[in-house]
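Please read the structure below before turning to the comments.
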Amino acid sequence: MQSTAAVAAVDDRQKKRVALASAVGTSVEWYDYHDYSIASALVIGKLSFPEISPLAGTMAAFATFAVGFIARPLGGTLAGHLGDKIGRKKVMVLTLTLMGVATMLIGLLPTYAQIGAAAPVMLVVLRLLQGLSAGGEWGSAALMAVEHAPADQRGRFGNYVQLGTPAGMFLANVVILGATFMLAEDQFQAWGWRIPFLLSAVMVVVGFVIRAKVDE
């Protein structure tokens, strides 16, 4: 009886850990993803497409944002295939790492004034990587959460993944809003906009630690 109770307690902790890992990981993914959506409206057009009109530059910035959505179905397909081959946990760690690296590189990316047309090209490549990651993340996290859920709680466990999306968006808004309040406008335009992207490193580490404790 004690052995059965101990196993049940471990299983219960593992289920809660999976739910937490799914929610936190998705929050990190969408924090990174939404950082770019806000930056598209504020600075990306000016820094990456300065040779065209401000309106056209903003539209071009939003076009690079759309690139990530184009890549998402492919990311989901690849993650599903890899999840069956190497395991869900490895894929979830991979998508989290890929999103974090791509986001940090956007924060370090030179502007058009520094490297010319290579800047928007590199930006599009990084957006493709973000899109692949986001597409693989959501499906993998939802599937793993539901697979670990009790038979009568699959809807609730699957919902934990979806809760991560608004949480990540809210956090991105808070961080960028804080940066705009603490910095002068010219400081934010020059370098302050990079801070939310670089902070992704901290969030990725937190998400990685939590996911590393999840059993396959």
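The values are calculated or read from the model by the stated rules, or taken from the named source; none is laboratory data. Since the structure is predicted, the reported quantities are computational estimates derived from the model, not experimental observations. Cβ placement follows ideal geometry from the backbone for every residue including glycine, while neighbour counts extend to all protein chains displayed. Please note that ligands, DNA and RNA were not included when accessible areas were found on the heavy atoms of the full protein model with its side chains. Shrake-Rupley method; radii C 1.70, N 1.55, O 1.52, S 1.80 Å.
What number do you get for region 4-117 when its Cα radius of gyration is normalised by 2.2 N^0.38 Å, N = residues?
1.44
Nonpolar atom fraction for region 27-143, defined as the carbon and sulfur part of the 1.4 Å probe accessible area, stands at 76 percent.
Give the relative contact order (percent, whole number) for region 1-128; include only Cα pairs under 8 Å separated by 6+ residues. Walk me through the numbers before you get to the answer.
Numbers: 76 pairs, mean separation 33.7, N = 128.
This gives 26 percent for region 1-128.
3J(HN,Hα) along region 121-130, derived from phi through the Karplus expression 6.51 cos²θ - 1.76 cosθ + 1.60 where θ = phi - 60°, amounts to 5, 5, 4, 4, 4, 5, 5, 4, 5, 4 Hz, with x in place of Gly and Pro. Mean separation of Cα pairs under 8 Å and 6 or more residues apart, divided by the residue count, gives the chain a relative contact order of 37 percent. Projecting the Cα atoms of Ala141, Ile115, Ala201 onto the charge dipole of the chain (Cβ charges, centred on the Cα centre) puts Ala141 farthest toward the positive pole. Across region 97-216, the mean sequence separation of Cα contacts (distance under 8 Å, 6 or more residues apart), normalised by length, yields a relative contact order of 35 percent.
Think of it as helices only: each DSSP H run of n ≥ 4 in the chain is worth -39500 (n - 2.57), and spread over all residues that comes to -28500 deg cm²/dmol at 222 nm.
For region 36-53, backbone phi angles converted through the Karplus equation (6.51, -1.76, 1.60; θ = phi - 60°) give residue-by-residue couplings of 5, 4, 6, 4, 4, 6, 9, 9, 4, x, 5, 8, 9, 9, x, 7, 10, 5 Hz, Gly and Pro being listed as x. The accessible-area ordering, largest first, of the residues Arg127, Arg17, Arg156, Arg194 stands as Arg156, Arg17, Arg194, Arg127, per a 1.4 angstrom probe.
Sort region 120-188 into rounded, prolate or oblate with this rule: let a ≥ b ≥ c be the square roots of the eigenvalues of the Cα gyration tensor; rounded if a/c is under 1.5, and if a/c is not under 1.5, prolate when a/b is larger than b/c, oblate otherwise. Cα axes put region 120-188 in the oblate bin. Note on region 20-84: Cα Rg divided by 2.2 N^0.38 Å, N the number of residues, gives 1.41.
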